[in-house]
Each structure stands twice: as C-alpha cells, then as structure tokens.
C-alpha cells in the first residue's frame with residue numbers, strides 16, 4: 001500500500017512540475033469532476049498570512065467533496081522566511097513560495113490569491129504588523145479579494161481575538177478578514193475598486209480551529225461542543241486517493257520550507273467556529289441555506305436543466321457525445337446578465353468542451369523568450385480527436401491583433417500544423433509584477449489595480465484559437481509556450497516570456513573593501529538578439545572611483561554573453577552606498593539583471609531586478625585565512641566571507657574524517673545544518689575532536705524541533721528571537737577576546753541591521769558557555785543566548801542565533817566585524 005501511494009505521489013509531482021505550462025489532458029473522471037464543479041454555484045475563501053499557513057485538508061475537502069470553488073488568500077508571499085532548498089531569500093524566495101502555493105492548489109483543487117503585503121519577517125504583535133504593512137492598503141486588498149472572488153463563506157485560519165499569542169501576521173490576517181467581512185458590501189468604502197468590480201456580502205465567516213490552539217485536550221473538548229464538526233477524511237475512488245492523502249501531497253509542495261511529509265489516511269475531523277453572518281441550518285454543511293444551484297442566477301435554470309442531465313448521464317467511455325449539449329449551455333451562459341457568473345462559468349465550460357472533444361491547441365515558440373517588438377517563430381498544432389464537426393475559423397495573436405489561418409475544417413485525428421512569425425508588439429516584460437517597482441519594508445508597489453491579488457503576471461503572449469463547433473463560434477485562448485525534447489529527459493515545457501534586449505549581471509551583490517586597495521568588478525552583459533553592441537558604465541557613490549569610465553561590448557549571437565571588467569577604488573573613510581550598472585544601446589539604457597530559478601517541483605522562473613550591488617568601505621581586521629564551511633539549508637555566507645579575503649572551502653559532510661579538518665583555521669556550519677544534513681550526527685565526533693585539539697567551530701542557528709546541535713555541553717534551543725532589527729544590544733562581557741580581537745565591537749556595530757537581530761536563541765546552557773550579548777524586543781525580558789562561546793579542550797565552540805545569513809549578504813559592516821572576530825578566536 002505504501003509503495004503504491006508513493007508511486008501515485010511521484011506521478012502527481014511530475015505533473016505538478018509542468019503546471020502552468022504543459023497542456024492539461026483530462027481523463028474522463030477528471031472531466032466528470034469538472035462538470036460537478038460547474039454545477040455547484042457556491043464559493044469559499046480561506047484566509048491566512050503566509051504560504052504553508054493554509055489547511056490543505058479543508059481546502060481539498062471543499063474543492064473535491066463539496067465541489068465548491070475554493071480560494072486561498074495568503075496575505076504575503078513568504079518573502080521573509082528561510083529557504084531549505086537553496087540560497088534565495090527575500091524577493092527571490094517570495095517567487096519560489098508563490099509557485100509552491102500554485103503547485104499545492106493544482107493538487108488540492110483550490111485557487112490562489114495574495115495582497116500587496118510584504119513579509120518583513122517575524123512579528124510578535126499585530127499592532128507592529130499592521131503599522132509596517134500599512135493596514136489601510138492591506139485591508140483594501142482583502143476587500144478587493146472578497147469583492148472579486150465573491151465567496152459565500154470565508155474561513156480564517158487564525159483567531160482574531162488573541163493578539164500577541166502567535167505570529168503578528170497570523171492574527172492580523174484574521175483581524176483584517178473580520179473587518180473586511182462587512183466593508184466589502186459597503187459602497188462608501190474603497191470606492192475606486194467599484195470601477196472594476198461590485199460590492200459583495202459573504203453569508204458567513206468562520207474560524208478554522210483545532211486542539212492545537214488550546215492549552216490542552218480538556219480545554220479543547222469543552223470548547224468543541226459549540227463548534228461545527230465534520231469528517232474530511234473522505235476517499236475519492238475516481239482519484240484513487242483519500243482527501244487526506246491529496247492534502248498531504250499538496251502541502252508537500254512547500255519544499256523550500258521543509259514541508260515534505262508522509263501522506264495520511266482515514267477519518268479526521270475539522271472544526272469551525274461560527275463568527276458572523278447567517279446562522280447555520282445544518283452544522284455539517286457550511287453552505288446550508290445558500291442556493292448553490294443554477295437557479296441562484298437569473299436565467300440559470302435552463303442552463304442547469306442541460307448540465308444536470310449531462311452530469312446524471314455522463315458517458316465516461318465517450319465524453320464527446322455531450323459536446324452538442326455543452327455548446328448549447330455555453331450559448332445560454334453567454335447571455336447571462338450577471339457578469340461575474342457569466343465569466344466564471346464560461347471559463348469552466350470551455351475547459352470541459354475542449355476536454356470532451358480531445359482538442360489539442362498549442363502555440364510553441366522556437367525560444368523560451370523574446371524581446372519587445374521583435375519577431376518570433378511559433379509552431380502551431382491544432383487537433384480534434386472526436387467525431388464532432390468543427391472548423392478552425394482563424395487564429396489571432398492577442399499581442400498585436402494579427403489574424404491568420406482562416407476556415408479550415410478540423411477532421412477527426414487529422415493534425416493541422418503550420419509555422420507563423422509573430423511580432424511582439426508590447427512594451428512590458430513578463431517579470432513578476434509586484435517586483436517592478438521598489439518595495440517598502442511592509443508593502444509592495446503595484447500601480448495597476450487589476451493586477452492586485454493575482455498570483456503571477458498574466459502572460460502578455462497569448463493566442464486565440466477561434467473555432468466553430470455546431471455553427472457556434474467558440475474561442476479558446478492559450479499562452480505561447482516553449483516545447484522541446486531532450487534525449488535524457490523527454491518532452492519539456494517552459495513558459496515563454498518577454499524580457500529586455502540587454503541584461504547585465506554583477507559577479508557579487510555586495511562588495512566589501514576592507515582597505516584602500518582597488519578591486520576588480522566584473523559585469524556580464526547578455527544579449528536578447530543578434531548583433532548587439534553598446535557601452536557599459538558603473539554609477540558609484542560620491543568619492544568612489546572607477547576605471548575606465550565606460551567599456552564597449554559587441555555580442556553577435558542571441559543569448560550570448562560578454563564580460564567586461566572595471567577597477568573600483570573606495571574612499572579612505574568608511575562609506576556605504578550603491579553601485580549601479582547601466583548598459584546603453586541605440587540611445588536606450590538597460591538597467592536590469594535577469595535571475596533564473598529552476599527547481600524540479602515548480603516551473604522555471606525568470607525575475608528582473610535592478611542590476612546593482614552594495615559597496616561597503618569598512619575598516620576590518622582578520623586573522624587566519626582558510627575556512628571550512630558545511631552548508632545547511634542554503635545561504636550566501638561563504639561568498640560573503642570571501643569578500644573580506646578568506647579562502648572558503650565548502651565541505652561535503654560525507655567527506656569529513658579525523659584528518660581532513662586539520663588544515664582549517666575555523667569550521668563554520670551553515671544555517672539549519674543540523675536540521676537538514678542528516679549525516680552530521682555521524683560526523684559530530686570528528687567535529688568535536690577538531691575543536692578539542694585547538695580548532696574553532698561556529699554553529700549558526702537551527703530550529704528547535706527535536707534537533708541535537710552536537711554541543712560538547714548542555715545547550716537548549718528555544719523559539720526565542722528578537723525581531724526588531726533596531727533593538728538595543730547590551731554587551732555582557734566587554735573584556736572578552738571575541739568582542740575585542742581583532743576588531744573592537746561597540747554599539748555602532750549593531751546599527752543598520754536588516755529584518756531581525758536573530759532567531760531560535762538558546763534559553764538554557766551549561767556554565768562552560770559564556771553569553772556575550774543581551775537584547776530584547778519591546779515589552780519583553782532580555783534574551784542573552786544570541787551569541788555563546790565555550791572552551792572545549794584547546795579550542796572553542798561558538799553557537800549563534802544572530803542572523804548573519806541576512807546581514808552579511810546585505811553588507812552590514814558590523815556583522816562582518818563580529819563574524820571576523822568569531823573566526824579569529826582560536827588565534828589568541
């Protein structure tokens with residue numbers, strides 16, 4: 001049974017990796033489920049704060065058992081978290097987590113939405129959260145989501161009545177939902193939205209609670225008598241999976257957060273607390289008393305007569321027999337006066353008609369990207385795998401309105417293939433819309449109100465396939481994709497994207513100058529077309545020097561690169577600023593860098609950010625040279641240490657033995673190393689032996705969930721953290737060598753930190769440890785476990801929860817000085 005489930009899961013994961021690119025090929029069972037959903041006119045919206053907050057069991061149950069249109073509104077994209085699968089953080093991590101949410105929804109059947117809120121990191125109270133987020137704007141986005149999605153029921157993941165007991169983002173998501181419940185139906189609130197949508201009053205608001213939110217089982221059992229309870233453990237024979245198995249696979253898409261997990265089966269209860277709205281008539285049906293039939297729409301009754309009959313008598317062996325009736329229902333949907341239901345049901349029924357006919361409609365470009373106003377070659381494939389008579393009336397490019405291929409009969413299983421050149425007459429790119437303008441600490445900037453809430457940027461490169469089925473014109477719209485094959489991978493689909501003609505890339509994102517010596521700065525220029533030549537310049541802060549002032553480049557082939565090298569000299573005094581790259585061609589300036597994210601569980605992503613780096617002139621001293629680094633969950637600390645002159649070797653844990661650590665001046669373990677590198681528990685004896693013989697070992701933060709960090713003395717990790725990056729820091733032992741050699745550490749070194757001070761500090765330790773720093777968030781007691789050092793044998797064991805993995809890539813000078821001191825301890 002377990003082997004069988006793993007096989008099913010693997011198949012689903014392979015399908016998910018191509019989601020949003022590869023054409024759907026629905027089975028008869030899947031078509032039938034689509035018809036069931038078409039015939040259920042009820043909508044549910046689940047609201048929480050982050051990717052992974054959502055209850056996939058409940059979302060899957062609503063979408064697959066109830067057949068409701070179900071959405072998840074995540075107020076943030078999870079940009080402020082950590083990354084277990086790579087080194088991407090902040091904006092790039094937000095892109096990964098966005099795609100992981102879309103992958104999860106592709107499994108559990110839900111839809112995905114967001115607000116403009118920026119996940120700025122852990123917050124201990126909603127007062128802080130809503131001040132940083134800009135409460136009015138995020139509330140506006142929640143109202144917008146309700147007005148456009150038009151849910152009958154809303155379900156909050158968190159309790160709005162318990163501020164300060166959990167993550168401030170969590171409580172804020174519930175508080176905003178409760179407030180938006182009535183505001184969405186008030187035409188005097190957020191009136192600019194009403195140009196593009198209409199007011200809406202949800203019928204009911206719930207809080208999805210569980211025993212986890214109560215102090216003990218007894219308290220939960222007492223409270224549960226007044227809760228709505230229903231079993232969500234249903235088995236779906238048509239899928240070969242239970243609801244819990246489906247939900248487990250969905251939540252396992254959050255790989256960047258380490259959410260891969262075993263599937264579960266069997267009966268399981270979910271609990272809802274009624275908060276607002278119409279009273280519930282049936283406590284096992286959250287839609288009870290709400291008309292979820294076609295009769296809820298004026299003119300919908302006749303549509304229902306057709307579609308309920310198809311559902312009742314669906315032919316699993318020959319779904320194409322229903323096309324004529326589906327087309328008849330489509331005509332009637334087109335006549336509906338209610339624009340919301342018309343657009344929604346039109347989209348759903350078109351998908352069903354396409355699947356019943358076995359239609360294959362594809363536009364594949366010769367490349368996965370193009371540039372504005374260039375021409376691309378597109379291969380078209382049109383195939384009708386049914387006996388239903390239909391005609392390809394025309395194909396229209398939505399990019400420029402050009403129409404071609406007119407009046408061709410599409411006979412059963414006879415392909416129509418042709419190639420067409422299409423001009424990309426657009427000025428905007430395919431990059432994530434929320435990253436196009438500089439963000440504030442708590443909010444992303446989005447100028448187009450129609451983009452707010454969308455999970456990703458709609459493709460600007462679309463094709464309309466205009467067909468005639470049974471004398472009725474029907475249009476199917478498809479994104480242009482890139483399809484190709486590799487001998488060792490088979491058929492591969494990628495999104496087609498429109499990107500700048502020129503992008504540039506700096507070798508590093510932070511350049512640290514520890515003295516007055518000049519540094520070489522390499523800039524890679526990439527061309528999006530043939531025969532591109534121009535000039536590259538660097539824009540630097542005042543008192544910084546660059547030589548030469550500009551460098552010419554000449555690239556003959558599309559997608560080729562050329563690297564140019566500048567010499568940058570810092571000022572004598574300490575200085576922090578920004579270095580920007582500007583490439584000029586034909587009188588136009590190009591200032592973007594292209595980032596590519598490529599993981600197997602999500603579609604390939606391309607992100608455009610400003611081509612720039614932080615430059616820091618600091619007075620820093622260091623001793624030692626050779627550092628061994630054992631990577632954990634992924635960070636950029638090794639690159640940062642190289643910036644200040646260290647030689648850093650990344651050590652494979654499997655290679656650790658009693659001899660090969662001797663050559664290193666220090667061994668550093670990356671963030672969450674003991675959480676994610678299982679082999680470390682077998683290698684810890686060698687690491688401690690290295691320390692005992694005089695080595696210096698630095699362990700960066702790990703989460704406290706059942707982890708042993710291999711300390712030579714008792715060390716208990718907690719969930720203690722200091723989230724305020726501006727929190728006062730008290731030096732506990734001003735004479736300790738770590739705070740004095742080779743750099744004197746003072747209060748000045750804790751200025752300009754980003755996002756937080758640190759996290760998962762130890763809260764109990766052996767007397768052999770010396771705590772060096774104390775800090776706390778407003779209203780809390782001091783926390784002294786952020787930086788601990790203990791002598792062990794002839795060497796030193798250092799544990800730190802300070803967020804160096806954020807501070808070093810951000811170029812925080814004080815963090816560099818402190819880390820250099822930690823690396824230098826054993827030299828004294």
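Kindly indicate which of 530, 543 is in a loop (DSSP other than H, G, I, E, B) and under 28 Å from residue 816 (Cβ atoms).
Step by step, each of 530, 543 is checked, and only 543 is in a loop (DSSP other than H, G, I, E, B) and under 28 Å from residue 816 (Cβ atoms).
In the range 718-746, how many residues are more than 33 Å from the chain's Cα centre (by Cα) and part of a loop (DSSP other than H, G, I, E, B)?
Matching residues across the range 718-746 total 12.
For the range 497-514, how many residues meet the condition of being outside any strand (DSSP E or B), at pLDDT below 95 and either in contact with a helix residue (DSSP H, G or I) (Cβ under 7 Å, 6 or more places away or on another chain) or closer than 21 Å to residue 526 by Cα (or both)?
3
Only one of these is at pLDDT 95 or above, crowded, with 18+ Cβ neighbours inside 10 Å and under 27 Å from residue 664 (Cα atoms): 810, 815. Name it.
815
Among what's in the range 258-277 and is out of contact with any helix residue (DSSP H, G or I) (no Cβ under 8 Å at 6 or more places or on another chain) and outside any loop (DSSP other than H, G, I, E, B), pick the residue that is farthest from residue 220 (Cα to Cα).
Within the range 258-277, the match that is farthest from residue 220 (Cα to Cα) is 274.
Among the numbered conditions (1) closer than 30 Å to residue 147 by Cβ; (2) part of a helix (DSSP H, G or I), tell me where residue 337 comes up short.
The one condition residue 337 does not meet is (2).
Does residue 795 count as in contact with a helix residue (DSSP H, G or I) (Cβ under 7 Å, 6 or more places away or on another chain) and over 30 Å from residue 616 (Cβ atoms)?
Considered against the rule, which asks whether it is in contact with a helix residue (DSSP H, G or I) (Cβ under 7 Å, 6 or more places away or on another chain) and over 30 Å from residue 616 (Cβ atoms), residue 795 comes out as yes.
Against the condition surrounded by fewer than 19 Cβ atoms within 10 Å (Cβ to Cβ) and more than 13 Å from residue 502 (Cα to Cα), how does residue 551 come out, does it pass?
Here the answer is yes, as residue 551 does meet what is asked.
Being in a strand (DSSP E or B), in the same structural domain as residue 535 (by TED's automatic domain parsing), over 30 Å from residue 48 (Cβ atoms) and touching a strand residue (DSSP E or B) at 6+ places or on another chain (Cβ under 6 Å) narrows it down to one of 478, 520, so name that one.
Criteria check complete, one pass: 520.
Looking at (1) closer than 30 Å to residue 258 by Cα; (2) at pLDDT 95 or above, which is the one condition that is false for residue 710?
Result: residue 710 fails condition (2) only.
Which ones in the range 664-680 are in a helix (DSSP H, G or I) and either free of Cβ contacts under 8 Å to residues at least 40 places away in the same chain or touching a strand residue (DSSP E or B) at 6+ places or on another chain (Cβ under 9 Å) (or both)?
Matches in the range 664-680: 673, 674, 680.
Is it true that some residue in the range 117-129 is in contact (Cβ under 8 Å) with a residue 60 or more places away in the chain, more than 16 Å from residue 80 (Cβ to Cβ) and in contact with a strand residue (DSSP E or B) (Cβ under 7 Å, 6 or more places away or on another chain)?
No: the range 117-129 contains no residue that is in contact (Cβ under 8 Å) with a residue 60 or more places away in the chain, more than 16 Å from residue 80 (Cβ to Cβ) and in contact with a strand residue (DSSP E or B) (Cβ under 7 Å, 6 or more places away or on another chain).
Give the residue that is farthest from residue 522 (Cα to Cα), with candidates limited to residues of the range 560-590 that are without any contact (Cβ under 8 Å) to a residue 40 or more places away in the chain and outside any strand (DSSP E or B).
587
Looking at (1) within 19 Å of residue 592 (Cβ to Cβ); (2) surrounded by fewer than 15 Cβ atoms within 10 Å (Cβ to Cβ); (3) touching a strand residue (DSSP E or B) at 6+ places or on another chain (Cβ under 6 Å), which one does residue 559 not meet, given that it meets all the others?
That leaves (3) as the condition not met.
Any residue that is out of contact with any helix residue (DSSP H, G or I) (no Cβ under 7 Å at 6 or more places or on another chain), at pLDDT 95 or above and exposed (fewer than 12 other Cβ atoms within 10 Å of the Cβ) - is there at least one of those in the range 564-572?
Among the residues of the range 564-572, at least one is out of contact with any helix residue (DSSP H, G or I) (no Cβ under 7 Å at 6 or more places or on another chain), at pLDDT 95 or above and exposed (fewer than 12 other Cβ atoms within 10 Å of the Cβ), which makes the answer yes.
Just one of (1) more than 37 Å from the chain's Cα centre (by Cα); (2) surrounded by fewer than 20 Cβ atoms within 10 Å (Cβ to Cβ); (3) touching a residue at least 12 places away in the same chain (Cβ under 8 Å) trips up residue 684, so point out which.
(1)
Return only the number of the condition from (1) part of a loop (DSSP other than H, G, I, E, B); (2) in contact with a helix residue (DSSP H, G or I) (Cβ under 6 Å, 6 or more places away or on another chain) that residue 122 does not satisfy.
Only one criterion in (1) part of a loop (DSSP other than H, G, I, E, B); (2) in contact with a helix residue (DSSP H, G or I) (Cβ under 6 Å, 6 or more places away or on another chain) is unmet by residue 122, namely (2).
Run down 158, 181, 149, 113 and say which single residue is within 19 Å of the chain's Cα centre (by Cα), within 17 Å of residue 73 (Cα to Cα) and in the same structural domain as residue 55 (by TED's automatic domain parsing).
113
In the list 538, 609, which residue meets the criterion of being outside the structural domain of residue 367 (by TED's automatic domain parsing) and in contact with a helix residue (DSSP H, G or I) (Cβ under 9 Å, 6 or more places away or on another chain)?
That would be 609, the only listed residue that is outside the structural domain of residue 367 (by TED's automatic domain parsing) and in contact with a helix residue (DSSP H, G or I) (Cβ under 9 Å, 6 or more places away or on another chain).
If you scan the range 640-655, which residues turn out to be in contact with a strand residue (DSSP E or B) (Cβ under 8 Å, 6 or more places away or on another chain) and in contact (Cβ under 8 Å) with a residue 40 or more places away in the chain?
640, 641, 643, 644, 646
Given 295, 244, which one is in contact with a helix residue (DSSP H, G or I) (Cβ under 8 Å, 6 or more places away or on another chain), part of a helix (DSSP H, G or I), in contact (Cβ under 8 Å) with a residue 40 or more places away in the chain and within 29 Å of residue 308 (Cα to Cα)?
244
The values are calculated or read from the model by the stated rules, or taken from the named source; none is laboratory data. Here the structure is a predicted model, which is why all the values come from computation and not from measurement. Backbone-built Cβ (ideal geometry, glycine too); neighbour counts: all protein chains shown.
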